[in-house]
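Down below is the structure, laid out as structure tokens.
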Amino acid sequence: MTVVVRTIARVLLPLSLVFGGYVVMHGHLTPGGGFQGGAVAASGLAMVVVAFGADRLAKKKGLLSVLESLGGVAFAALGFLGLGLTFFANVLAKTGGLFGNPVPYGPNPGDLNTAGTLPLMNWAVGFKVLAGLGAVVLLFALFGGEHDR
Amino acid sequence: MSVHAPILVIAIPLLGGFAVPILARIHRTVRDLWVVLIACVVAAGVGYVAAQVFSQGIWVYVLGAKTPQETRVSAGFPIRIMLTVDAMSAFMGLIAGILALAAFPFAVRFIPEEEGKTLALALGLLLLAGIAGMAYTGDLFNFFVFLEVTSIAACGLIGFRTWTSRAPEAAFKTMLLYSVSGLLFLLGIAFLYGEYGALNLAYISAQLRGSMVDRIALALFLSGLLMKVAAAPVHFWAPDAYGEAPAAKTLLLVVNTQVSLYGLWRILFTLYGGKLDAGVGWLVISMGLLTMAVAALMAIGQTDLGRLVAYGAVSQIGYMLLGVGVGLVSLTSRADYGLVAMKGGIFHMLNDALTVGLLFLCVGAVEWVKGTRDLRELGGLGHQLPAVALCFLLASLALAGIPPLNGFASKIMIYEGSFRLSPILTALAVLASILLLAVFARAFQGVFLGPRTEITGRIHWVFLFSMGVLAVGIMVLGLVPGFFVEQVVAPAAEALWRGRALYLAAILGG
């Protein structure tokens, strides 16, 4: 690809990753969440694949695979965390610790430190979707064949 | 932990499936042992759940609540995701457990490392998780989610041999059919959600008025699920899919089809219980007859052993539809023969899982030693593989319903019940069985009899273990069917037949 595309991809990649992270982070407060944020971040990866070519990223396939598995394992493990009560029970909410503040009532700007295990699950899903979609785009680009380009 | 058993049966294979690619990086043996361990844990789990449900009644498990029994919020309305395991769900879970026990050890040996064994095992565990979820859930939307989980995992397994030309085609066909069926099902849920504002199966069932919208939703559910169980006009994906997936994983595809069939029973008997037109029962019966006839006729011309067995598997779906359809027709009159036919249809689900499972394992073993499944090239394998030949013969006879094997035990109940409704139904069903016997006799003769030929591989003892599990099941169920019908099948059939009130009471209170 041309210099223009490469330069813009360099500028936009961190932006899209940060914005994806923002959407995941605020999943329990604003529209969006793990899947949407992960997809936004994966669009940044897709941009890199288009700008720099898939071959330079081919070695990252293993990393993406591990990241995807970790996301899945983390999500299921967070479900197991609730087994003291029931599966998926939100044991971290309202405990005062990590994401443990009580949800404020009335009009307010939103407290990020609430909702217990939900934000953690959003992160797990976010990483899984980022890795999964990223791997799909990368594989399409790697095995697409000459006539598809 | 035992109080969490229903969810653990779903969650453990989910976690196990996601962990497989990580464990594969540590060591391949660790991964293989892990997969077999997970399959054993799931089998033990469904066994425990079934024992509890058969002795103590419906087991409700509420996800995310303070206690697993907290079915309603203070407004008196079920909103959480619930697992509702009644005798029929537990029975379905048992089928999945038995086949998982046979399929995973076989798969660990059968799938070559260079063909991406890690991913196949991971997808297999995810498919198992989806199947267990479909069997145990008591929530319509949750059912749809697990339906999609199984669809995606199944398509991944079907298109697994990407370097062949037929596997991707089969996967594409299946994916198209599965997506359409999933979307039809989702649209049905959307209709009911719009009307009643709830997704809990028991709650909607209690509210259901039988309005026009409900009928449209029923039509959508029926068409979606009949596609997924490979009933006759839309059966064409199944032979491709069963034939192309790695043999050990085809067992899970068979269970996947059956659990969709279970979903159909759940919709017809529990969700729409008492509000169905009599015509729906006749629709199910006619689909059943069409399926068994079309599949048995199609099996005659097959030259690929995998596809031939797959058509046999599809035709058996017809018997289940026939048996339970007779029950559905006679549901309003509460005629005894309806219950007999239903017991037969439900018993046949278990028998079919065992016989078709064993046939596919035999196909896998033949492919393993000869590298081909083409009937025109095979022959004389009985000299080198006497055990496989015996298993194939046993399963073929059971599939065709020859006494004293298990296929006979369930088919005789279907014949008995359907004969009282209309002898024509029975005559057609017997005719299809005879056709299948002829087809499988020819296949057995072509593959295992004749002059000795060269083989390139050796059968591993794990293959024989997996086959043995299923073969013993076939013989035990055939020789003493009475015990299993009394203890396991009858409660499952009763749960559909009269159990709707209990199912609703378990969630909504007395």
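Every number in this text was worked out from the coordinates using simple rules, so none of it is lab data. This structure is a prediction, so every number in the text was calculated from the model and none was measured. Don't worry about glycine lacking a Cβ; one is built from the backbone with ideal geometry, like all the others, and counts go over all protein chains shown.
Odds and ends about this structure:
- Helix content alone sets the calculated 222 nm mean residue ellipticity of chain B: runs of n ≥ 4 DSSP H residues at -39500 (n - 2.57) each, divided across all residues, give -25000 deg cm²/dmol.
- Ordering A:50-60, A:25-35 by mean Cβ neighbour count within 10 Å, with the highest value first, yields A:25-35, A:50-60.
- The stretch B:56-140, dipole about Cα centre (Lys/Arg Cβ +1, Asp/Glu Cβ -1), debye to the nearest 20: 280 debye
- Exposure proxy ranking, count of Cβ atoms within 10 Å, fewest first, for B:T257, B:T67: B:T67, B:T257
- Of the trypsin sites (Lys or Arg not before Pro) in the stretch B:246-318, the ones in a loop by DSSP (not H, G, I, E or B) with at most 16 other beta carbons within 10 Å are B:K275.
- Were the residues from B:V3 through B:S55 laid out at 0.36 nm apart, the gain over their Cα-Cα distance would be 17.2 nm.
- Residue exposure sequence - B:H235, B:H4 - by fewest surrounding Cβ within 10 Å: B:H4, B:H235
- Alpha-carbon centroid distance for the pair the stretch B:233-254 / the stretch B:97-117, whole angstrom: 16 Å
- Unit charges at the beta carbon, dipole of the stretch B:308-434: most positive-side option, B:S422, B:G312, B:A409: B:S422
- At R0 = 41 Å, FRET efficiency that the Cβ-Cβ distance of B:S333 and B:A438 yields, to 0.05: 0.65
- Chain B, relative contact order in percent, only Cα pairs under 8 angstrom and at least six apart counted: 16 percent
- C-alpha center-to-center spacing [the stretch A:6-80, the stretch B:44-95] in angstrom: 37 Å
- The ranking of A:Y22, B:Y136 by Cβ neighbour count inside 10 Å, starting from the fewest, reads A:Y22, B:Y136.
- Pairs beyond 18 Å (Cα-Cα), from A:K94/A:K128; B:K249/B:K343; A:K60/A:K128; A:K61/A:K128; B:K343/B:K411: A:K94/A:K128; B:K249/B:K343
- Mean separation of Cα pairs under 8 Å and 6 or more residues apart, divided by the residue count, gives the stretch A:3-148 a relative contact order of 31 percent.
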